[in-house]
1. For the cross-link pairs Lys468/Lys584; Lys394/Lys468; Lys343/Lys398; Lys105/Lys199; Lys526/Lys578, which exceed 30 Å when the distance is taken from alpha carbon to alpha carbon?
2. Rule-of-thumb check for the stretch 14-110: C-alpha Rg over 2.2 N^0.38 Å?
3. Greater than 28 Å separation of Cα atoms is the criterion. Which listed pairs, Lys220/Lys269; Lys112/Lys220; Lys346/Lys396; Lys48/Lys267, meet it?
4. Rank Gly240, Asn202, Asn277 by how far each Cα sits towards the positive end of the charge dipole of the stretch 42-313 (+1 on Lys, Arg Cβ; -1 on Asp, Glu Cβ) and give me just the farthest.
5. Going by how many other Cβ atoms sit within 10 Å of their own, how do Trp297, Trp97, Trp166 line up, fewest first?
6. Which order, highest average first, do 504-511, 537-544, 344-351 follow once you tally other Cβ atoms within 10 Å for each residue and take the mean per peptide?
7. What's the center-to-center distance, using Cα atoms, between the stretch 38-82 and the stretch 350-392 in Å?
8. Given contacts defined as C-alpha pairs under 8 Å and at least six residues apart, what's the relative contact order of the stretch 42-313, whole-number percent?
Amino acid sequence: MGTSLNRLIRKMKILNRLVISFAILSLIPLSITGIFAYYTSSEAIKTKISTSSIELMNQVSENIQNELSKLENDSVDIAFSDIIQNTLTDFDMMDEWRRNDAELKMQTMLAKRFSFTHSVSDVLVYTRKKEKIIAYGDVNFKYNLNLDFLNDIFERTALNNGAPLWTIENRDDEENVRNSNYRITNYGKVGILLARSFKSFNGLPIGYMIMRIDEKHILKKFKDTNLGQGSDIFIINGNGTVITSQNPEIISAKPYRDHSLIEELKKNKENDSFSFNSTVSGKRNLIAYNYIPSADWYVVSIIPFAYLNDESAKTSIYIIFLGIFCFLLALILSYYVSKSISKPLKHLVDSMNNVKIGNLVTRIEDNSSDELGKAATNFNHMVTEIKFLIDEVKKKEKLKRVAELNTLQAQINPHFLSNSLNTVRWLANIQKAESISSIITSLMQLLHGCMGKGSVLISMRDEIEYVKDYLNIMAYRDYDKFKVHYEMEESILDSHILKFILQPIVENCLIHGIQPMEGQGMIIIKGYRIGEDLKIVITDNGVGMNNNALNNLMREASANKNIGLSGIGIRNVDERIKLYFGEKYGIAIQSIPNLYTTVEITLPAVGEEDSGQYAEGAYS
């Protein structure tokens with residue numbers, strides 16, 4: 001077990017080991033503290049909110065009870081007013097005119113009482129025979145109640161023995177309210193009804209009264225009360241019917257959506273418990289309520305546990321943030337401590353990898369006095385020594401290669417010399433020595449160029465003359481086999497290039513391009529300057545070559561050993577150019593079989609004043 005754990009740890013970087021260790025040591029105590037704080041604060045907050053909710057429900061209930069008592073007192077005053085008593089007592093004996101006059105007097109009296117309070121929207125008075133008198137309300141939109149609903153109210157009112165009866169309109173019964181204009185006027189709210197029976201001064205029943213109060217009038221007593229996010233406050237009666245609610249989704253005059261709530265309210269009321277936990281609509285909630293016995297109403301508040309937990313979570317968040325701050329501080333300290341170890345080691349490893357792939361200019365910038373700083377200093381010294389030794393070896397190899405190329409350049413193929421002399425002898429036999437002077441002159445110039453001493457660089461003008469001497473000889477040997485066309489910019493003729501780099505290219509054009517073809521061939525030699533570079537393009541219209549032949553040509557270090565002027569191949573010319581001038585210069589070849597071959601040589605534009613830096617035969 002210990003060995004496996006050690007292997008696992010050793011697979012990790014030092015930086016990661018230290019950071020993870022600090023993280024674990026910090027997280028454990030912070031997590032325990034956070035959990036303990038969360039549960040402690042959660043219980044304290046739930047208790048506090050429960051207590052404050054009960055107190056708030058008591059206050060709301062008291063306000064509503066006061067309003068209901070005021071309305072009940074208004075109904076008593078109306079019941080014992082002279083106009084009501086006289087009208088209901090003598091109604092059967094009144095003619096139409098007296099009834100209308102009595103109704104107008106009632107409306108005038110109640111308008112004085114309710115016009116400025118706006119709490120009561122309608123008052124209907126009924127005789128013992130259920131004949132309706134509109135005592136107060138909008139005469140343009142007569143308020144009607146369904147007969148069955150009305151009879152039910154009369155029966156329940158009679159059973160109350162003169163006590164007020166509180167109920168609510170039936171939302172599903174279209175006859176219970178006026179038309180849509182009335183709904184708009186009253187903001188679409190249904191009416192809360194106060195019903196009671198009237199008795200004469202002698203105690204005999206003489207009629208009934210139904211007072212309609214806008215639901216919004218009761219709602220405004222607690223509309224702006226907020227117990228927290230997601231909480232609701234509403235009123236339901238003992239039958240479970242919603243009287244009014246803050247939440248528009250809890251519809252008044254409809255049974256409450258969770259039928260079990262009214263049972264729990266009644267059960268807790270019997271036990272004098274005014275708060276309890278309950279699941280409503282599938283969610284856990286804290287329920288606080290107060291009971292209004294005169295109306296058989298429950299003022300209920302529902303506070304989601306999600307809100308309670310959120311409140312306690314806010315406290316724990318502060319602790320968590322403090323813990324996170326301490327945790328991050330520990331991580332930062334551990335990061336910098338471990339970085340002071342891992343970063344120098346990483347630089348050392350990276351530098352070793354660079355040296356491994358041949359980058360010997362790598363150095364570690366570390367002036368520290370600790371062990372890692374000393375290791376970096378020793379590494380730098382070691383790499384410097386290695387680079388010095390390798391540079392010495394490369395320098396010796398380069399000088400050796402220069403010597404080999406210079407030696408190869410100075411060689412003349414004996415077969416070529418023999419063939420040329422045979423040509424001279426043959427011409428002398430069949431002619432009267434008219435061309436011998438020209439051939440011998442060209443041959444002497446070539447021999448002077450090949451075997452002569454001096455700088456490795458010559459002017460473009462001299463190099464072209466060597467090419468012309470060579471082609472003059474070849475023209476006599478291969479009579480009328482080829483023509484040559486020169487297109488050299490005058491401005492580049494004084495530029496200096498490597499000696500004898502054009503002749504091997506022209507020789508390849510003749511031997512591999514022109515001679516195998518039928519008919520006469522053409523060689524075009526162009527020279528021009530582009531920026532700081534020279535371009536020399538040699539093109540022939542010979543047999544050309546495919547890609548394989550082209551690749552072989554570039555791989556051969558020597559060519560035309562038996563029939564050419566020298567053994568220098570195109571690859572050697574390319575190597576020579578790169579050796580003297582750098583990798584960006586050299587030869588590029590394009591060829592299409594049976595059409596043409598083009599050799600493009602790229603050289604630096606070296607003036608006579610710059611040629612001295614190449615005199616030693618190496619590019620610097």
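1. Lys394/Lys468; Lys343/Lys398
2. 2.83
3. Lys346/Lys396
4. The residue sitting farthest along the positive end of the dipole is Asn277.
5. Trp97, Trp166, Trp297
6. The most tightly packed comes first, giving 504-511, 537-544, 344-351.
7. Each part's Cα centre sits 85 Å from the other's.
8. After rounding, I find 20 percent.
Laboratory data are not the source of any read-out in this text; all were calculated from the coordinates shown. All values derive from a computational prediction rather than experimental measurement. Using ideal geometry, Cβ is built from the backbone for each residue, glycine included, and neighbour counts are taken over all protein chains shown.
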